[in-house]
Each structure stands twice: as C-alpha cells, then as structure tokens.
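What follows is a short report on a single structure.
Readers should treat all values here as calculations from the given coordinates under stated rules, not as data from a laboratory. Since this is a predicted model, take the numbers as computed values, not measurements. Using ideal geometry, Cβ is built from the backbone for each residue, glycine included, and neighbour counts are taken over all protein chains shown.
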Amino acid sequence: MNNDELLHITTEIGWRLLKSGAEIYRVEESIRRMLEAYGFPEAEVFSIPSCIIVTINDETGHALTRLKRVHSSSLDFDRIDRLNNLCRHVCSERPELEQIKASLDAIVNEKDYSFWTNMFFTASISASFTLFYGGAFQDSLVSFFIGILLFLLLSMLGRFHTNSFFQNIFGSALVAGLSLFTTALGWTIHYDKMIIGTLMNLVPGIAITNVMRDILGGDLIAGIIKLVESLMVAAGIALGAGIAISTLRFFFPGI
C-alpha cells in the first residue's frame, strides 16, 4: 500500500465533497473512516470551508500530512450523494487505490446540467417565488425573463472570477432596477414581490442552515467562517438592491 497515494486520494475525495457544498462534519468523517478502513485508525483530519489538513502516521511513526486549499465552492447534491456512495464503498470493500481513483475520476468528469437547463430553472425559480409571495401573473412572467438576465450576468461575472460579494451586488441591482423599471412602465404591478422572488436565487439558505449545524456540532471555526460568508452575501444583496431602488426612485418618484 502506497501511503502517499492513499493520503492523496482520500484527501481529494474530501476536497471534492467540500467543493460540492458538503458539511464540515461529513468531510472530516468521510476521510477519517476511509483511512481507518486501510489501517490508520488514528488519522487526524481538520477542515474549514477553505482548507483541508489530513495527517497519518506510517509504520515507522513518521507523520505524513497533506493540505489542500478550497478557493471556491458551489452546492451540488448529486455529486455529494455520489461521493458519499464512493466513501461507503471504500470503507466496506477496501478496493485497490487505482479503482478508487477511477471511480473518483468518473464522478468528477460526469457531465453537469447544461447551460440552458440551469438558465431555465433559474428563471423558473424567479417566476415561481414571485407568485408564491403574492405577485400577479404578469409579475411572474416578467420575473421569468429577469431571472434569465440574472443568470446571464452571474455567468459572465463567473467567467472573470469575480468575487461573490460583487456578484451579489451587481445581480441584486439588476433585479431591483428592472423590477422597478417595468413597474414604472406599467408592465407589472408588484415590483416588491418580483424583487423578493427573483432574489431567492441568491439567498444562501442552505449555507445559513449549515452554520447552525456546524456550531451545534462543535465546529466553531467553520461555523463562524460560514456565518461571515453568509452575512457578506446578504450585505451584497441588500447593497445592490438598495442602490438600484434609490436610483430608480430618483427618476420615477411616483413608484
């Protein structure tokens, strides 16, 4: 057994879990259980949303450590589920490392949803939540197209690796500005319902839930980091929407 290769593969699986939005406890426990299955019951694993550190001691007592940074993450439940299944398979069957690597590569290289599919469902979320919060049918219809523009803007900013804080500022400003503008033109009725419904695409609901899960589970550092990140997202949404609303109301004071 190549200890370096084992450490590399298990850390890579944990890194993929973290990049897919998995909870901290899930990442640490998955790595720890896989290493235990291969004869390292005292492996030490430390993870925060931006970093994983894994240490094992070989037969001679020499410590082997691997550190891997996480620069960005996005929520992908399907990939989390597949990686979890791979971890369970590794723990129960203890396959060869090459087989684990091949399974991991298959998961990583699996085709994601297409650009058009993601755009359609972003727009559908906007339209659905606009109706949910009490908007009229024409509000929902316009929100659908605003959702398309929001997705295109976020995709363009993502290609330039724009910070998520600024993505939320620009995205919320676009949504609020277009909602007020269409209401000023008489195309829609409830611009507030449109803003709230479309901005649901940006709200970090699951991240906030994971904050409480991490803090209650004792992962205080990870919980505080995620809490600050969630607050930054909320601040970006509020700042962008506030700037757009103030600007549009200056030109359309009757809104």
**Prompt:** Once you put a point 7 Å from the Cα of Phe166 and another 7 Å from the Cα of Phe252, both along the Cβ direction, what distance in nm separates them?
**Reply:** 2.8
**Simple label model, 7 Å out from Cα along Cβ direction - Ser92 to Tyr25, nm** = 2.2
**Item:** Förster radius 30 Å - calculated FRET efficiency between Asp58 and Met212, Cβ distance, rounded to 0.05
**Value:** 0.20
**Message:** Ranking request for peptides 137-148, 190-201, 76-87: highest mean number of other beta-carbon atoms within 10 Å first, then the rest in descending order.
**Reply:** 190-201, 137-148, 76-87
**Request:** Determine ³J(HN,Hα), in whole Hz, for all residues of the stretch 120-130 in sequence, where each value follows from phi through the Karplus function 6.51 cos²θ - 1.76 cosθ + 1.60 and θ = phi - 60°; x replaces Gly and Pro.
**Result:** 4, 6, 4, 5, 5, 4, 4, 5, 5, 6, 4
**Message:** Quick check on the stretch 82-135: take the gyration tensor over C-alpha atoms, sort the square-rooted eigenvalues as a ≥ b ≥ c, and tell me if it's rounded (a/c under 1.5), prolate or oblate.
**Reply:** oblate
**Message:** Using a Förster radius of 30 Å, what is the FRET efficiency between Trp116 and Gln138 based on their Cβ-Cβ separation? Nearest 0.05, please.
**Reply:** 0.75
**Request:** Kindly provide the helix-only [θ] at 222 nm of the chain, computed as the sum of -39,500 (n - 2.57) over DSSP H runs of four or more divided by all residues, to the nearest 500 deg cm²/dmol?
**Result:** -23000 deg cm²/dmol
**Asked** Which order, highest average first, do 170-177, 116-123 follow once you tally other Cβ atoms within 10 Å for each residue and take the mean per peptide?
**Response** 170-177, 116-123
**Message:** Given axes a ≥ b ≥ c from the Cα gyration tensor, I'd like to know whether the stretch 44-89 is rounded (a/c under 1.5), prolate (a/b larger than b/c) or oblate.
**Reply:** oblate
**Request:** Working from Cα positions, state the angle (0 to 90°, nearest 10) between the long axis of helix 137-159 and the longest principal axis of the chain.
**Result:** 50
**Asked** What whole number of Å gives the distance from the Cα centroid of the stretch 185-255 to the Cα centroid of the stretch 31-68?
**Response** 38
**Message:** Quick check for you: which residues of the stretch 112-137 have the amide N under 19 Å from the point 7 Å beyond the Cα of Met200 toward its beta carbon?
**Reply:** 118-137
**Request:** Could you tell me the number of lysine pairs in the chain with C-alpha atoms less than 25 Å from each other, where the two lysines are 8 or more residues apart or belong to different chains?
**Result:** 8
**Asked** How many nm is it between the label spots at Leu239 and Arg159, if each spot is 7 Å from the Cα in line with the beta carbon?
**Response** 2.5
**Message:** Can you tell me the orientation of helix 97-108 relative to the chain, as the angle in degrees between its alpha-carbon axis and the longest Cα principal axis, to the nearest 10?
**Reply:** 0
**Message:** Nearest 10 degrees is fine. How inclined is helix 164-184 to the longest principal axis of the chain, computing both from alpha carbons?
**Reply:** 20
**Request:** Grab the Cα-Cα distance for Asp81 and Arg33, subtract it from 0.36 nm times how many residues apart they are, and report the gain in nm with one decimal.
**Result:** 15.6 nm
**Item:** Packing-based order for 230-241, 7-18, 95-106, using average beta carbon neighbours within 10 Å, highest first
**Value:** 7-18, 230-241, 95-106
